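Undergrad: Just passing along the structure, written as structure tokens.
Please treat every number below as a calculation from the coordinates, not as lab data. Being a predicted model, the structure only gives us computed values, none of them experimental. Don't worry about glycine lacking a Cβ; one is built from the backbone with ideal geometry, like all the others, and counts go over all protein chains shown.
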Amino acid sequence: MKLLRRKFEIIQEQAFRELPYECCGLLAGIKNVDHRGNIENIIYEVAPCKNCLYYGKEQGFEISHDEYIAVDREANRLGYQIVGSYHSHINSPAIPSLHDVDFAKLGHTILIISLLNAQPKEVTAWLRRESGGFHQEQIRII
């Protein structure tokens with residue numbers, strides 16, 4: 001995945017601001033598919049969202065349907081599509097949880113920023129494959 005530097009900084013800032021809860025948001029851009037069917041998502045916009053879970057925000061997130069639809073409309077207006085989401089993991093590794101697996105659509109990228117004791121530990125990106133499962137993506141900040 002390719003991600004503009006300032007957009008990556010927005011994600012980091014939100015992760016720190018929302019501690020001790022998980023932050024979440026949507027990634028908008030374009031999906032490049034090469035001649036072999038490999039997908040590379042290029043992120044041009046990030047949309048910080050409200051974690052609307054009532055309980056368990058320390059270990060999970062949920063984006064409301066209404067907010068998802070609003071971001072999707074704005075992305076389409078700009079000529080983009082929602083190609084993924086991002087969220088933080090608090091004191092746990094930056095690997096997809098069972099909830100993350102359920103949330104991700106095929107071809108959807110999940111960016112996870114892991115915070116350990118309120119400090120950044122790692123950032124990973126995972127692409128939900130058409131064939132099932134996830135493939136870890138390289139993150140290229142541009």
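Undergrad: If we count other beta carbons within 10 Å of each Cβ, what is the order of LEU116, LEU4, fewest first?
TA: The fewest-first ordering by Cβ neighbours comes to LEU116, LEU4.
Undergrad: Would you mind giving the average projected area, over all directions, of the Cα convex hull of the chain in nm² with one decimal?
TA: So the Cα hull casts an average projection of 8.2 nm².
Undergrad: Charges at C-beta only: +1 for Lys and Arg, -1 for Asp and Glu. How large is the resulting dipole of the range 76-142 about its Cα centre, in Debye rounded to 20?
TA: Result for the range 76-142 is approximately 180 debye, rounded to the nearest 20.
Undergrad: For GLU74 and CYS52, calculate 0.36 nm times their separation in residues minus their Cα-Cα distance, and state this gained length in nm to one decimal.
TA: 5.9 nm
Undergrad: A further question follows. In percent, how large is the relative contact order of the chain, given Cα pairs closer than 8 Å and 6 or more residues apart?
TA: 25
Undergrad: By counting other Cβ atoms within 10 Å of each Cβ, how are THR109, THR124 ranked from fewest to most?
TA: THR124, THR109
Undergrad: Taking the chain as a Gaussian network, where each spring joins two C-alpha atoms under 10 Å apart, which residue of ILE113, ILE11, ILE30 fluctuates the most?
TA: Its mean-square fluctuation being the largest, the pick is ILE30.
Undergrad: So which chymotrypsin sites (Phe, Trp or Tyr not before Pro) in the range 40-142 pass both tests, a DSSP loop state and at most 10 other Cβ atoms within 10 Å of the Cβ?
TA: TYR54, TYR55
Undergrad: Could you tell me the calculated FRET efficiency between ARG17 and ASN38, based on Cβ-Cβ distance and R0 = 30 angstrom, to the nearest 0.05?
TA: It comes to 0.30.
Undergrad: Less than 11 Å Cβ to Cβ from TRP126, Lys/Arg counted +1 and Asp/Glu -1: what total charge do the surrounding residues give?
TA: Every neighbour counted, the sum reads 0.
Undergrad: P(r) for the range 71-122, please, calculated from all Cα pair distances in 10 Å bins and given in %.
TA: Percent of Cα pairs in each bin: 24, 40, 27, 9.
Undergrad: Can you work out ³J(HN,Hα) from phi for every residue in the range 66-79, in order, using Karplus 6.51 cos²θ - 1.76 cosθ + 1.60 and θ = phi - 60°, giving whole Hz and x for Gly and Pro?
TA: Each residue of the range 66-79 in turn: 4, 5, 4, 4, 5, 5, 4, 4, 5, 4, 4, 4, 8, x Hz.
Undergrad: Going by how many other Cβ atoms sit within 10 Å of their own, how do SER114, SER64 line up, fewest first?
TA: SER64, SER114
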